[in-house]
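Data first, discussion second: the structure below is written as structure tokens.
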Amino acid sequence: MKRRNFIRNIGIAGVGLPLIPNNLSFDLSGNKNIPVHSPVSITTWNFQEANRTAGELLQKGISALDAVEQGVRIEESNIKNHTVGKGGAPDRDGKVTLDAIIMAPNGNFGSVAFLENIEHPVSVARKVMEETPHNMLVGEGAYQFALSQGFEPENLLTEESEKQWKNWLVEKEYKPIINIENHDTIGMLCLDSKGDIAGACTTSGLAYKMRGRVGDSPIIGSGLFIDNEVGGAVATGLGEEILKNVSTFLIVELMRSGKSPQEACEIAVERIVKKPTDLKDFQVAFLALNKNGEVGSYCIHPGFSYALHSKGDEEAVQSKSYLAEK
Ligand code: GLY
């Protein structure tokens, strides 16, 4: 399989224009005339390995739902990443608390929030969706449910994260460097060969947050939304700003009304920036994917990139941004 791994400058290549103008082909073998979609996987930030894993699973015919779960689990286990899963930055009390959501093509979703001591919140979220009559479990209830499903408890606070937290305790001032420390979420959208879309989003949230704080990631319509008739959207960045605007639901509804994924992401960012907020302090970024395999991305500050797996190729793509254009 041919692989590329480079930053593509959207100013030249034009992300948001249909990347896959003809996403559909037909399998005429045996005169079946079954539509075959070209799988697409997109993931926030530079989580290339996770995205490639999902993309390659899709190429093998794995469902979008399985691909997003398997893909994001890679970052949940990556202890070098201080914004997701094990090794994630703790809250101000030194506890790692995780949020995650997964949404299926059938419109169902599962999510967990304020979950401690479990490495793979996305898989707990999937169990919530598939094994309970509910959609969301939090805190101790989510933890007890995870144990009942066979998940093993473990300490998620690594030496490195503990050291950084202890440094923070000296000054108790935390000003994340935009696009560097704010890589706060892995969000992934997949379109499989049957044309179904699923998504997942998982995070340790804002570093040194107040105990009990939950961001946008596990909240349906904020961190993630999928409508299999239209497409999906996922968010990363400062959760408080995304929550106030229910941004991923907005993006999907804009696509339903005829906007391209790129146009929809731009409108969602503009909704945030036109409110009285101080843009210099935070980043917000969105990815969107529609049923034709077209993708879009927009953020506030330049510097947000995403991983794209399409037609067997893996790329890192630089997103357009509001502040670079205004
Ligand atoms: N976007 C992740 C968070 O704010 O928790």
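How much solvent-accessible surface does Glu266 expose, in Å² to the nearest 10, with a 1.4 Å probe and all protein chains in place?
Taking all protein chains as shown, Glu266 has close to 40 Å².
Would you rank Leu206, Leu98 by solvent-accessible area, highest first, keeping every protein chain in place and using a 1.4 Å probe?
Largest accessible area first, the list is Leu206, Leu98.
Give me the log10 of I(q) over I(0) for the stretch 185-326 at q = 0.09, 0.14, 0.22 Å⁻¹, as the Debye formula computes it from C-alpha points; what are the numbers?
So the normalised log intensities work out to -0.24, -0.59, -1.43.
Using only Cα atoms and rounding to the nearest 10 degrees, what angle (0 to 90) does helix 139-148 make with the longest principal axis of the chain?
That works out to roughly 70 degrees.
Given the peptides 196-205, 70-79, 152-161, arrange them by the average over their residues of other C-beta atoms within 10 Å, most packed first.
Output ranking for 196-205, 70-79, 152-161: 196-205, 70-79, 152-161.
For the chain, build the charge dipole from Cβ charges (+1 Lys, Arg; -1 Asp, Glu) around the Cα centre, then report which of Ile242, Phe286, Phe47 sits farthest towards its positive end.
Phe286
Can you work out ³J(HN,Hα) from phi for every residue in the stretch 281-296, in order, using Karplus 6.51 cos²θ - 1.76 cosθ + 1.60 and θ = phi - 60°, giving whole Hz and x for Gly and Pro?
Running phi through 6.51 cos²θ - 1.76 cosθ + 1.60 with θ = phi - 60° gives 8, 8, 10, 9, 9, 10, 10, 9, 9, 9, 5, 8, x, 7, 10, x Hz.
At 7 Å along the Cα-to-beta-carbon direction for both Glu171 and Leu147, put a label point, then send me their distance in nm to one decimal.
3.9
Please sort 217-229, 305-317 by packing, taking for each peptide the average over its residues of neighbouring beta carbons within 10 angstrom, highest first.
Top of the packing list down: 217-229, 305-317.
Along the charge dipole of the stretch 127-260, pointing to its positive end and built from +1/-1 on Cβ of Lys, Arg, Asp and Glu, which listed residue (Gly205, Gly258, Gly150) has its Cα farthest out?
Gly258
Once the Cα gyration tensor of the chain is found, what semi-axes does its equivalent ellipsoid get, as square roots of 5 times the eigenvalues, in whole Å, sorted largest first?
30, 23, 17
Express the carbon and sulfur contribution to the solvent-accessible surface of the chain as a percent, rounded to the nearest whole number, probe 1.4 angstrom.
Carbon with sulfur: 51 percent of the solvent-accessible area.
Skip the ligands, DNA and RNA, and give the accessible area per residue of the chain with a 1.4 Å probe, whole Å².
Result: 42 Å² of accessible area for each residue.
What's the magnitude of the charge dipole for the chain around its Cα centre, counting Lys and Arg as +1 and Asp and Glu as -1 at the beta-carbon? Answer in Debye, nearest 20.
660
Roughly what angle does helix 48-59 make with the longest principal axis of the chain, taking Cα atoms, 0 to 90 degrees, to the nearest 10?
40
How tilted is helix 261-273 with respect to the longest principal axis of the chain? Cα atoms for both, answer in degrees (0 to 90, nearest 10).
So the inclination is approximately 30 degrees.
Can you compute the charge dipole magnitude of the stretch 251-326 about its Cα centre, using +1 on each Lys and Arg Cβ and -1 on each Asp and Glu Cβ, nothing else charged? Give it in debye, rounded to the nearest 20.
The calculation lands at about 280 debye.
The values are calculated or read from the model by the stated rules, or taken from the named source; none is laboratory data. Just so you know, these numbers come straight off a predicted model, no measurement behind them. Cβ: placed from backbone, ideal geometry, glycine included. Neighbour counts: every protein chain shown. Quick note on the areas: whole protein, heavy atoms, side chains included, nothing else; ligands and nucleic acids left out. Shrake-Rupley method; radii C 1.70, N 1.55, O 1.52, S 1.80 Å.
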